[in-house]
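Step one of this worksheet: look at the structure below.
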Amino acid sequence: MTLSYPRRQKQLESLVQKLGLLHTAPIKWDLLDLALTHPSVSTQANYEQLEFIGDAVVRLVAAEVLWETYPDCPVGEFASVRSVLVSDRILAILATEYGLELYLLVAGSAINNRSGEDSRLADAFEAVLGALYLSTHTLELVRPWLDPHFKRLATEIRSDPARLNYKAALQEWTQGHFKVLPEYRVQETAQPHGNPERFMAEVWVQGRCLGKGAGRSIKAAEQAAAQVAFLALSTDGQKTSEQQK
C-alpha cells in the first residue's frame, strides 16, 4: 500500500532503489516512512520502536554473515567483530553511503545539532532495517544489500589490529605509555560545495599534535585524526623494535 503523499512516496522509492530493491517489493511504506521520522518531528509517530526492532535485526544479520563466512572462527572473535559491525559509527557510515540524511525528517533544534548527526543516522538506519524486516517478517529485504557491506567490513576488521576503531586504539596506547588521554581539537570549516568533510580535527598528546583528519561529522574527523596518529605511532614503534634487534 502506497503513501497518500506522492512526493514522499517517490522519495522512499528512490531510497529503495539505492538499496538495490524493486519498488514493487513487498515493502510496508508506512513503516519505512516512520523509520525515517525523527522524534523531533513527532513525539509519538517516530522511528524509536522500529529502531528497537532494527537493533536486533542488524545483530542477527551480522551474526549470520560471520557464521557463513568464517565457520571456523572462535565465538570470542565473532563477538568482537560483530560489536564493531553493529556500532553506531559503522552504521552511520553505511547510512551516509546511501544518503539516508536526504530522506530523514528532522525538525527544530535537532536540524543544527551536528554533534548528534552520526547517532541520528545510525538510529534511522536501524529503524529502516526494522521496517524492512517487519514488511515480510524475514530478512529477504535486508540481506541482499547489507551482506556485501558486512562481508567487506568483517574482512577489514579481522585484519586490522585497531578493529577500525582508531580512537579506542590510540587511547589504549597513550594510557599505556603516558597514563593520559588524547585531546581532540575540532573546528568546523567552510567547504566547497559538494565536499562533505566540513570538520577538521587534531589529536594532541602531551603538548604534541600527533595527527590531523577531516570528516563529515565531529566523530568522523576525530577518527581520521586518531588513525593518522595511531598508524604513525605503530610505524615508529616497529622501527624502534627493529633497530633494537
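What follows draws every value from the coordinates through simple rules; no lab data is involved. This is a predicted model, so every value here is computed, not measured. As a convention, Cβ positions derive from the backbone with ideal geometry for all residues, glycine included, and neighbour counts pool all protein chains shown.
List of remarks:
- Interchain or long-range residues, amide H under 5 Å from residue 40's placed H: 107
- Considering only alpha-carbon pairs that sit under 8 angstrom and 6 or more positions apart, the relative contact order computed for the chain is 17 percent.
- Alpha-carbon Rg/Rh ratio, for the range 152-215, with Rh computed the Kirkwood way: 1.07
- The helix-based estimate of mean residue ellipticity at 222 nm for the chain, built from -39,500 (n - 2.57) per DSSP H run of four or more residues and divided by its residue count, is -19000 deg cm²/dmol to the nearest 500.
- Point-to-point label distance, residue 151-residue 171, nm (Cα→Cβ direction, 7 Å offset): 3.3 nm
- Sorting 145, 67 by the number of Cβ atoms found within 10 Å of their own Cβ, with the fewest placed first, yields 67, 145.
- Positive-end extreme of charge dipole, the chain - chosen from 80, 31, 3 (charges on Cβ): 80
- Debye intensity ratio I(q)/I(0), log10, the range 100-207, q values 0.14, 0.18, 0.21, 0.24 Å⁻¹ (C-alpha model): -0.93, -1.18, -1.21, -1.24
- With all projection directions averaged, the alpha carbon convex hull of the range 6-159 covers 9.2 nm².
- For the chain, complete DSSP H runs whose alpha carbons reach 30 Å or more along their own long axis and whose mean Kyte-Doolittle score is 0.5 or higher are 48-69.
- Take the Cα of residue 42, step 7 Å toward its Cβ, do the same at residue 70, and the gap between the two points is 4.1 nm.
- Spatially, the range 146-219 and the range 3-38 are offset by 33 Å when compared through their Cα centroids.
- Rounded to whole Hz, the Karplus (6.51, -1.76, 1.60) HN-Hα couplings of the range 20-29, x for glycine and proline: x, 9, 7, 5, 8, 4, x, 9, 7, 5
- Within-10-Å neighbourhood charge of residue 65 [Cβ basis; K, R +1; D, E -1]: 0
- The residue list 166, 60, 132 was ranked by how far each Cα lies along the charge dipole of the chain toward its positive end, using unit charges on Cβ atoms, and 166 comes out on top.
- Cβ crowding within 10 Å averaged over residues, with 52-62, 20-30, 128-138, 148-158 ranked highest first: 128-138, 52-62, 148-158, 20-30
- Close Lys pairs in the chain (alpha-carbon distance under 21 Å; sequence gap of 8 or more, or different chains): 7.
- Dipole magnitude of the range 1-45, debye to nearest 20 (Cβ charges: Lys/Arg +1, Asp/Glu -1, about Cα centre): 120 debye
- Computed magnitude of the charge dipole of the chain (debye, nearest 20; Cβ of K, R +1, Cβ of D, E -1): 500 debye
- Additional length obtainable on full extension of the chain from residue 234 to residue 119, 0.36 nm per residue less Cα span: 38.4 nm
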